[in-house]
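Some notes on the structure that comes next.
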Amino acid sequence: GPKVLQIPSHQIIDMGQMVTLNCDPVSNHLYFYWYKQILGQQMEFLVNFYNGKVMEKSKLFKDQFSVERPDGSYFTLKIQPTALEDSAVYFCASSLGQQVFFGKGTRLTVV
Amino acid sequence: QQQVRQSPQSLTVWEGETAILNCSYENSAFDYFPWYQQFPGEGPALLIAIRSVSDKKEDGRFTIFFNKREKKLSLHITDSQPGDSATYFCAASEGATGGNNKLTFGQGTVLSVIP
């Protein structure tokens, strides 16, 4: 089926540093999402993005978070500065209609 | 506020048995309910989904039963196989209005199928 690719699969970063998580969505999809999953817990919606703009963001999408998708490149989630509580697996997803496809996630460890 | 709840948290069945995974929700505006299967180290993969206009959706060994009045649904996996061992997430959305399909997930049920 359609694939969403996420790079890297695992990233370790010092608290306070900036991190960028990269996502290559399904090629003809128009809606992009980021979800956060803390180990053993449910996935929680962070933000969705369409036509170059954030459509909706949750309370988890802190001021330190930003998303963008410059033309033809990755859909990115940037965290600046990182905090210990940002440690989680971040899943990128994309959709065209009802079906939402997820990547394998990036495990972010903030130390 | 937990808008989508799943039970049990974990479930163990023997190979060949039927596994029943339960889900309930609070938001009456939810009308699309996908189930995702997730293996360790992988992303969630869409397994089967139902719209609120239906009360049953079947795909091979996987069947969703939906009760709109009670805001409950369940996933039945018949003839369970060891390869079905995974975490199953119930999710809900207000439908893909214009293509935007923000999902609310439950906490997941960890299914183990013993050979």
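Averaging the sequence gap over all C-alpha pairs within less than 8 Å and six or more residues apart, then dividing by the number of residues, gives segment B:49-94 a relative contact order of 24 percent.
Count Lys and Arg as plus one, Asp and Glu as minus one, and take only other residues whose Cβ is under 15 Å from that of A:P25; the net charge is then 0.
Kirkwood's formula applied to the C-alpha pairs of segment A:5-110 gives a hydrodynamic radius of 13.7 angstrom. When Rg and the Kirkwood Rh are both derived from Cα coordinates, the Rg/Rh ratio for the protein assembly as shown amounts to 0.97. With the whole protein complex present, B:K102 retains an accessible surface near 70 Å², based on a 1.4 Å probe.
Inter-part distance, segment B:45-101 to segment A:1-78, computed on C-alpha centroids, equals 25 Å.
Measuring r between the beta carbons of B:V110 and A:N22 and using R0 = 22 Å, the FRET efficiency lands at 0.15. Of the residues B:T109, B:T104, B:T12, ranked by 1.4 Å probe accessible area with the largest first, the sequence reads B:T12, B:T104, B:T109. Remark: C-alpha extents of chain B on the principal axes read 43, 29, 26 Å, sorted largest to smallest.
Could you order B:E58, A:E68 so the one with the most accessible surface comes first? Probe is 1.4 Å. All intermediate terms of the calculation are to be shown ahead of the outcome.
On the way: B:E58 115, A:E68 95 Å².
In descending accessible area the options line up as B:E58, A:E68.
The 3J(HN,Hα) values that the Karplus relation (6.51, -1.76, 1.60; θ = phi - 60°) gives for segment A:2-8 are, in residue order, x, 10, 10, 9, 10, 9, x Hz. Gly and Pro appear as x.
For the set B:K71, A:K53, A:K59, the ranking by accessible area, highest first and with no ligand, DNA or RNA atoms included, is A:K59, A:K53, B:K71 under a 1.4 Å probe.
The values are calculated or read from the model by the stated rules, or taken from the named source; none is laboratory data. The structure displayed is predicted, hence computed values, not measured ones. Note that we place each Cβ from the backbone using ideal geometry, even for glycine, and neighbour counts take in every protein chain shown. Surface areas here come from the heavy atoms of the whole protein model, side chains and all, with no ligands, DNA or RNA. Shrake-Rupley method; radii C 1.70, N 1.55, O 1.52, S 1.80 Å.
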